[in-house]
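**Q** One structure, as structure tokens, below. Some questions next.
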Amino acid sequence: MSIEQRHRINTPSVIYDRAVGQTVVINLLTGHYFRLDEASSMLWERLETAPTAAALMASCTNPDDLAARLPAILNELQDHGLVAAVTDGTIPTDQPPASWTFAGFTLESFTDLEDILGLDPIHEADPTAGWPQARAA
Amino acid sequence: MNVSLLERPTPLRTGAAVIASRWRPTRIAVCEAGPLTPDRDAGCRAVSDLVATLSSLGCEVFVGDESAGSLPGHVQRFSPDAVVISRPGLFARLHASLTDIAVPKLFFAHDLHHVRLSLQRAFDPALDPRAAEVMRLVEGFCFRTADLSVLPTTAEAAAATTAFPGAAIVAAPYFAMPTEPRMPRPPGPVRLVFVGGAAHAPNRDGVAWFIREIWPTLHASGIAQCLAVCGAWPRALVDSLARPGVEFHGPLSEPALAAVMRSSTAGIAPLRFGAGLKRKTLDYLSRGLPVLSTVFGVQGLFPCGPGRDPPGVIVCAGPADWIAAVRRLGRDATAWQTLSEAGHDFITTEFSSAVHRDGIHRILQALGVCP
């Protein structure tokens, strides 16, 4: 991974909400749902400005700790479709990320709510022919 | 019906044709997650009514079905003036694929799903506790992203506006109720009817609760003779809810359903949680059938409370209320007649095709795409 590569949160197919002590993230295309704890949310928030890896590390008070983990973290987020490499030069802002301390990163992944997101909960699947008829796998 | 399932015709090239094309009908793409099954699902009925009313207003309507595949491409080729997307899951999935289509997107929300899931949790411990949280996030995205969102009740529109500041949310009629002749009170013992399938969690819970907690007393004491449950219910549930006097009819054709309604003394909506307008309640009332309901079965009809039941409805809380209300309808023909007439008049006035058409027309005006 080049340290000049920018990564952005993969909106609009990814939505997220910051709550007390956590961030909830949903990939609308897969129906998968994720939780980031307080520490992990720090990195996630900084991805809102689509920074380069170099800028992320420059803003971090313990860049060596981050550098050791950042490629794997970004790969994991990309694998889940939550972030994407910026390839067209479009970035939300050129502001550098706010100063922060890397205190670890854990992405909790849940696939068991797929039905709620994928189908319509007001009309759950009928066992015979009712609404909504889920697509055959 | 002016419903188009065709792709957009080849663009016209002559001068006269170009002028004609400026006068083409307003094109509305209506997107659903699956095939429309209005006889099985009130949400589909609402979408069907919307499509019919849009057509009656002179719009050209494309009905897209996500499960058939390639929905974004079909919508794009139709070249709509506005896109209506039904239900939150589909809106969330589809919106990202339609960002290139620079026309207003309307979120046809049906109800506040996250509220219903929160309420459901009290009666259904098996429901994932995160479901309401996740749905609230998804619905928040839909309401904030849509150019306009529509809910069927003013209470829910107000609640959603408060919950999701900045979103444009309005209430509009979801159902155009057919004008049914008011039925006379059937002779003989009290017969109750419930319309709705087990696939909808509030129906499943409400019917099970009614049959277990209320029906045995009603039947054993001779207050009511029969409860007809109309809709799709799986065999295992039917077996577990089998009681003397309870009949599961399965999904019925409209004539068969009308026959069951004609032989019934009252319609019931014993829902212990839920959200949105209940078409079953409107359906009972439209035929002149008095309704016995919890507050959830009459959401959106009126603000109700003690002494303020909606026309044609007796709102019941606990089992004693239900038993007293059924007994009253069985004994008091005048009360039955008064409720029957009030409910029938109410539906004719408030949920007619004309009212529905006015509501949809206002939505098109708000979107700036009036025919």
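**Q** Would the stretch B:332-341 turn up any residue that is outside the structural domain of B:R27 (by TED's automatic domain parsing), crowded, with 20+ Cβ neighbours inside 10 Å, assigned to a loop (DSSP other than H, G, I, E, B) and not polar (S, T, N, Q)?
**A** No, because not a single residue in the stretch B:332-341 is outside the structural domain of B:R27 (by TED's automatic domain parsing), crowded, with 20+ Cβ neighbours inside 10 Å, assigned to a loop (DSSP other than H, G, I, E, B) and not polar (S, T, N, Q).
**Q** What do you reckon, is B:R191 within 27 Å of A:A19 (Cβ to Cβ) and not aliphatic (A, V, I, L, M)?
**A** Judged against the criteria, B:R191 is not a match.
**Q** Have a look at B:F141, B:F108, B:F78 and point out the one that is modelled with pLDDT of 90 or more and under 20 Å from B:D41 (Cβ atoms).
**A** So the residue among B:F141, B:F108, B:F78 that is modelled with pLDDT of 90 or more and under 20 Å from B:D41 (Cβ atoms) is B:F108.
**Q** Does B:Q299 count as within 19 Å of the chain's Cα centre (by Cα) and either surrounded by fewer than 19 Cβ atoms within 10 Å (Cβ to Cβ) or assigned by TED's automatic domain parsing to the domain that holds B:W209 (or both)? Don't jump to the end; show me each part of the working.
**A** Working: within 19 Å of the chain's Cα centre (by Cα): yes; either surrounded by fewer than 19 Cβ atoms within 10 Å (Cβ to Cβ) or assigned by TED's automatic domain parsing to the domain that holds B:W209 (or both): yes.
Criteria met by B:Q299.
**Q** Go through the stretch B:174-195 and count every residue that is modelled with pLDDT of 90 or more and under 25 Å from B:V84 (Cβ atoms).
**A** Matching residues across the stretch B:174-195 total 4.
**Q** Pick out the one residue from B:L301, B:L292, B:L277, B:L285 that is in contact with a Leu (Cβ under 8 Å, 6 or more places away or on another chain), among the hydrophobic types (A, V, I, L, M, F, W, C) and not in a loop (DSSP other than H, G, I, E, B).
**A** Selected residue: B:L292, the only one of B:L301, B:L292, B:L277, B:L285 that is in contact with a Leu (Cβ under 8 Å, 6 or more places away or on another chain), among the hydrophobic types (A, V, I, L, M, F, W, C) and not in a loop (DSSP other than H, G, I, E, B).
**Q** Among the residues of the stretch B:134-154, what is the count of those that are facing another protein chain (nearest Cβ under 10 Å) and touching a helix residue (DSSP H, G or I) at 6+ places or on another chain (Cβ under 8 Å)? Before the answer, list the steps.
**A** Within the stretch B:134-154, the subset facing another protein chain (nearest Cβ under 10 Å) is B:134-138, B:140-142, B:144-145.
Those still in the list that are touching a helix residue (DSSP H, G or I) at 6+ places or on another chain (Cβ under 8 Å) too: B:134-136, B:138, B:140-142, B:145.
Matching residues across the stretch B:134-154 total 8.
**Q** Check the stretch B:122-138 and report whether any residue there is outside any loop (DSSP other than H, G, I, E, B), of a type in the set (F, W, Y) and either buried (at least 20 other Cβ atoms within 10 Å of the Cβ) or assigned by TED's automatic domain parsing to the domain that holds B:I363 (or both).
**A** For the stretch B:122-138, residues outside any loop (DSSP other than H, G, I, E, B), of a type in the set (F, W, Y) and either buried (at least 20 other Cβ atoms within 10 Å of the Cβ) or assigned by TED's automatic domain parsing to the domain that holds B:I363 (or both): absent.
**Q** Any chance you could count how many residues in the stretch B:328-371 are among the polar types (S, T, N, Q) and touching a residue at least 12 places away in the same chain (Cβ under 8 Å)?
**A** Result for the stretch B:328-371: 5.
**Q** I'd like to check something: does the stretch B:214-230 contain any residue that is within 14 Å of chain A (Cβ to nearest Cβ) and outside any strand (DSSP E or B)?
**A** For the stretch B:214-230, residues within 14 Å of chain A (Cβ to nearest Cβ) and outside any strand (DSSP E or B): absent.
**Q** Another one. Among (1) modelled with pLDDT under 95; (2) surrounded by 15 or more Cβ atoms within 10 Å (Cβ to Cβ); (3) at positive phi, where does B:G245 come up short?
**A** (1)
**Q** Regarding A:R46, is this residue more than 21 Å from A:V86 (Cβ to Cβ), among the basic types (K, R) and out of contact with any Gly (no Cβ under 6 Å at 6 or more places or on another chain)?
**A** Criteria not met by A:R46.
**Q** Got a number for residues in the stretch B:33-47 being more than 10 Å from chain A (Cβ to nearest Cβ) and either touching a strand residue (DSSP E or B) at 6+ places or on another chain (Cβ under 9 Å) or over 21 Å from B:S253 (Cβ atoms) (or both)?
**A** Within the stretch B:33-47, residues that are more than 10 Å from chain A (Cβ to nearest Cβ) and either touching a strand residue (DSSP E or B) at 6+ places or on another chain (Cβ under 9 Å) or over 21 Å from B:S253 (Cβ atoms) (or both) number 2.
**Q** Among the residues of the stretch B:49-90, write down those that are within 18 Å of the chain's Cα centre (by Cα), within 14 Å of chain A (Cβ to nearest Cβ) and not in a strand (DSSP E or B).
**A** Listed by number, the residues that qualify are B:R87, B:P88, B:G89, B:L90.
**Q** For the stretch B:352-365, which residues satisfy the criterion of being touching a Pro at 6+ places or on another chain (Cβ under 9 Å) and among the aliphatic types (A, V, I, L, M)?
**A** B:V355, B:I360, B:L364, listed by residue number.
**Q** Continuing with this model, one more query. Kindly indicate which of B:S56, B:S67 is surrounded by fewer than 21 Cβ atoms within 10 Å (Cβ to Cβ) and either more than 29 Å from B:M135 (Cα to Cα) or touching a helix residue (DSSP H, G or I) at 6+ places or on another chain (Cβ under 9 Å) (or both).
**A** Just a single option satisfies the conditions, and that option is B:S56.
**Q** B:P290: touching a residue at least 40 places away in the same chain (Cβ under 8 Å) and closer than 30 Å to B:A132 by Cα, yes or no? Break it down into steps so the answer makes sense when it comes.
**A** Working: touching a residue at least 40 places away in the same chain (Cβ under 8 Å): yes; closer than 30 Å to B:A132 by Cα: no.
In short, no.
**Q** Is it true that some residue in the stretch B:208-224 is surrounded by fewer than 13 Cβ atoms within 10 Å (Cβ to Cβ) and closer than 25 Å to B:D124 by Cβ? Before the answer, list the steps.
**A** Looking only at the stretch B:208-224, we keep the residues that are surrounded by fewer than 13 Cβ atoms within 10 Å (Cβ to Cβ), and these are B:212, B:220-222.
Filter again for closer than 25 Å to B:D124 by Cβ, leaving B:212.
Yes.
The values are calculated or read from the model by the stated rules, or taken from the named source; none is laboratory data. Keep in mind that what you see is a predicted model, and the values were worked out from it rather than measured. Here the Cβ is made from the backbone with ideal geometry for all residues, glycine too, and neighbour counts use every protein chain on show.
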